[in-house]
Amino acid sequence: MDVSEDLIGGLNEALAYEYQAIIMYTTYASTVSGIHRGELKEFFLSEVEDEQNHARYVADKVDALGGTPTTEPKPVQVPSEPRKMLEIVRESEAEAIERYSRLMDTAEKEGQRGLSGDLHEFISDETRHMEETEKFLRGTW
Ligand SMILES: [Fe+2]
Ligand SMILES: [Fe+2]
């Protein structure tokens with residue numbers, strides 16, 4: 001079955017958001033301040049590797065399906081408040097889960113079962129990122 005422009009376009013959009021996530025976590029690790037700086041910096045840096053793996057996979061997949069991988073990240077908001085950073089992260093991860101869920105459905109419909117299975121793992125990763133972020137937000141600070 002031919003791969004649709006929808007699927008390639010959706011993967012390229014996901015790629016732009018993965019690049020955004022890499023920049024977001026790297027920048028937040030550098031700029032986060034306050035008494036929780038140490039643990040938040042470590043947390044943000046720990047997310048970078050997963051997002052890099054996602055980006056590399058998605059870029060390879062876009063190319064394999066006949067598309068051209070984007071090189072443009074989505075823009076990144078850089079607040080100064082640590083709590084605001086965590087809220088943006090939580091929202092970004094929730095959106096990533098929805099994005100990959102939609103892409104998984106499209107991949108299934110188009111008979112791309114391998115892709116669908118791999119995206120299932122990405123949904124697990126993004127869910128873990130979101131839940132870890134929620135635990136930080138549950139603090140009283
Ligand atoms: Fe990701
Ligand atoms: Fe993530």
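The values are calculated or read from the model by the stated rules, or taken from the named source; none is laboratory data. What you see is a predicted model; the values in this text were computed from it and never measured. Methodologically, a virtual Cβ is constructed for each residue, glycine included, from the backbone with ideal geometry; neighbour enumeration extends over all protein chains shown.
For (1) at pLDDT below 95; (2) within 13 Å of ligand 2 (Cβ to nearest atom); (3) under 20 Å from residue 9 (Cβ atoms), each residue gets a yes or a no:
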{"residue": "52", "(1), (2), (3)": "no, yes, no"}
{"residue": "62", "(1), (2), (3)": "no, no, yes"}
{"residue": "70", "(1), (2), (3)": "no, no, yes"}
{"residue": "81", "(1), (2), (3)": "no, no, no"}
{"residue": "85", "(1), (2), (3)": "no, no, no"}
{"residue": "114", "(1), (2), (3)": "no, no, yes"}
{"residue": "117", "(1), (2), (3)": "no, no, no"}
{"residue": "140", "(1), (2), (3)": "yes, no, no"}
Exercise for the section: Might you let me know whether the stretch 16-24 holds any residue that is in contact (Cβ under 8 Å) with a residue 12 or more places away in the chain and assigned to a loop (DSSP other than H, G, I, E, B)? Expected result: no
Fill in the blank from the handout: Note on the stretch 51-69: residues within 15 Å of ligand 1 (Cβ to nearest atom) and either hydroxyl-bearing (Ser, Thr, Tyr) or free of Cβ contacts under 8 Å to residues at least 40 places away in the same chain (or both) are 51, 52, 53, 56, 57, 60
Practice task
Could you list all residues from the stretch 82-141 that are more than 12 Å from the chain's Cα centre (by Cα), within 11 Å of ligand 1 (Cβ to nearest atom) and within 23 Å of residue 34 (Cα to Cα)?
Solution key: none
Practice task
Hey, could you check the stretch 70-113 for residues that are touching a residue at least 40 places away in the same chain (Cβ under 8 Å), among the basic types (Lys, Arg) and part of a helix (DSSP H, G or I) and say which is nearest to residue 133 (Cα to Cα)?
Solution key: 90
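For residues that are without any contact (Cβ under 8 Å) to a residue 40 or more places away in the chain, acidic (Asp, Glu) and either in contact with a helix residue (DSSP H, G or I) (Cβ under 7 Å, 6 or more places away or on another chain) or closer than 15 Å to residue 4 by Cα (or both), tally how many sit in the stretch 114-135.
Result for the stretch 114-135: 1.
May I ask you to say which residue of 15, 40, 11, 45 is within 19 Å of residue 120 (Cβ to Cβ), over 11 Å from the mean Cα position of the chain (by Cα) and not basic (Lys, Arg)?
Working: 15 fails: over 11 Å from the mean Cα position of the chain (by Cα); 40 fails: within 19 Å of residue 120 (Cβ to Cβ); 45 fails: within 19 Å of residue 120 (Cβ to Cβ).
11 is the lone residue from the list that is within 19 Å of residue 120 (Cβ to Cβ), over 11 Å from the mean Cα position of the chain (by Cα) and not basic (Lys, Arg).
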